[in-house]
Amino acid sequence: MAEDKKLSEEESLQLITEMIHKVKGSFHESGTSAILWGSVIGFCGLFSFAQAQFNFTTGWFDIWLLTLIAIVPQIIISIRESRKRKVLTYEENAMNAIWMIFGISIFAVAFYNNVVPAVTENIFANDGIELLQKNKATGVVTAFHPFIFSVSSVYLILYAIPTLATGLVRKFKPMIIGGFLCYLVFIISCFTTYKYDMLLHSFAAISNWLIPGLILRNKFLKGEGC
Amino acid sequence: MFKELDPILHSQLRLAVMSLLIAVKEAEFTFIREKTNSTAGNLSVQIQKLKDAGYVDVVKQFKDNYPLTTCKITQKGITAFEDYVKALQVYLQAGK
């Protein structure tokens, strides 16, 4: 391209259009992060379901701690991808922000779920109130420890938000379908017990991230964008 | 009366660079070179002119012991580009 070639007005407009069009095809999502989180959450959900179904424990190790461990490979993936990246589009920048906010929100809900029941119990205790529950069949009265009802449903709503946003912005059908499925699963989870909530979690992770991630990976390896 | 087209932008390679940068948050020098199909020396000179005009920010750093130049359009550059496109539209409409 000549540095000082003077252009006609039509040529200028054509050049602007051509360059903007070239940028559009320059970003390719590898799908690695989606595969990682789809696998981890999918596995944790299935494992928790199996634990509830077959009544076994893993001692002090809560299987969901795997999500904390998975942050390490996620950081490595993010660093590697940012090193390879030659251009940062506004769209990619916005998507990164959405997923980062999603991550923070997940940990915020986990914090809420772990802290609020104990705090609630303490507030009642400080006011001299003890919460009790009565078994209507036996008449036995025992202490009631507060907990957050169907917290799994809240997680499912959170899963749907960045997935659907990404799918709609990138016009990537598997994630749009995954996002809507996640809302459907959320509605179902409002009527199910913990055991089946875990199965629904697994289903949501696989349909939201693992399957779209594998499709993205396949496209990435073929050199196509989503 | 026609507004004069900005001479900084009204050149093939500089306009190509600005058109790329207007569409992205930031881009590496090698990316711009690939997309504009220009030589490194030629591109460096034109980016320097855009930088001198205050239209782009250039950050030079090292990545894995190799120099890495990243370019980003400035607010002044965005305004100049928008004015340039508006002026082009006036020219094209007058030509119809």
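No value in this document is a laboratory result; all are computed from the given coordinates. Note that the structure is predicted; figures quoted are calculated from it, not measured. Cβ coordinates were reconstructed from backbone atoms using ideal geometry, including for glycine residues, and neighbour counts include every protein chain displayed.
Some points to look at:
- Residue of A:Y112, A:Y159, A:Y196 that the Gaussian network model of chain A assigns the largest fluctuation, springs spanning Cα pairs under 10 Å: A:Y112
- 3J(HN,Hα) from dihedral phi, segment A:163-170, Karplus parametrisation 6.51/-1.76/1.60, rounded to Hz, x for glycine, proline: 5, 5, 4, 5, x, 6, 5, 8
- Cut-off 12 Å between beta-carbons: net charge of the residues surrounding A:S189, Lys and Arg +1, Asp and Glu -1: 0
- Between A:D127, A:D197, A:D62, the residue with the greatest mean-square fluctuation in the GNM of chain A (Cα pairs under 10 Å linked by springs) is A:D127.
- Cα-based Rg and Dmax for chain B, where Dmax is the largest Cα-Cα distance (Å): 14.5, 54
- Estimated FRET transfer efficiency when R0 is 45 angstrom, pair A:N96-A:V141 (beta carbons, to 0.05): 0.30
- Counting Cβ atoms of other protein chains within 10 Å of each residue's Cβ and taking the mean over peptide B:31-39 gives 4.
- Direction-averaged projected area, Cα convex hull, the protein assembly as shown: 25.3 nm², rounded to one decimal.
- Of A:K22/A:K171; B:K3/B:K35; A:K22/B:K25; A:K6/B:K86, those spanning more than 22 Å from alpha-carbon to alpha-carbon: B:K3/B:K35
- C-alpha long axis of helix A:173-189 to longest principal axis of chain A, angle in °: 10
- Environment charge of B:L88, counting only residues whose C-beta is closer than 11 Å and scoring Lys/Arg +1, Asp/Glu -1: -4
- Per-residue Cβ neighbour rank within 10 angstrom, fewest leading, B:H10, A:H201: B:H10, A:H201
- For chain A, the longest site-free run once GluC sites (Glu not before Pro) in DSSP loop states with at most 13 other Cβ atoms within 10 Å are removed: A:1-129
- 0 to 90° range, to nearest 10: angle between helix A:211-221 axis and chain A longest Cα axis: 30
- A protection proxy built from the mean count of other Cβ atoms within 10 Å ranks the segments A:38-45, A:215-222, A:141-148, most packed first, as A:38-45, A:215-222, A:141-148.
- Across segment B:54-67, coupling constants 3J(HN,Hα) worked out from phi with the 6.51/-1.76/1.60 Karplus curve, θ = phi - 60°, read x, 8, 9, 9, 10, 10, 10, 8, 10, 10, 6, 6, 10, x Hz, and Gly and Pro carry x.
- Computed from backbone phi, the HN-Hα couplings of segment A:80-86 come to 4, 5, 6, 5, 6, 6, 9 Hz, rounded to whole numbers (Karplus: 6.51 cos²θ - 1.76 cosθ + 1.60, θ = phi - 60°; Gly and Pro given as x).
- Distance (nanometres) between label positions extended 7 Å along Cα→Cβ at B:K25 and B:Y66: 2.3
- Angle of helix A:194-205 to the longest C-alpha principal axis of chain A, folded into 0 to 90 degrees and rounded to 10: 0°.
- Taking every residue in B:12-21 and counting other chain Cβ atoms within 10 Å of its Cβ, the average works out to 6.
- Among A:T163, A:T192, A:T32: highest mean-square fluctuation, GNM of chain A, C-alpha pairs under 10 Å: A:T192
- Neighbour counts of other Cβ atoms within 10 Å put A:S153, A:S189 in the fewest-to-most order A:S153, A:S189.
- Net charge of neighbours whose Cβ lies under 14 Å from the Cβ of A:F47, counting Lys and Arg as +1 and Asp and Glu as -1: -1
- For A:E29, the residues 5 or more places off, or on other chains, whose built amide H falls under 5 Å of its own are A:C226.
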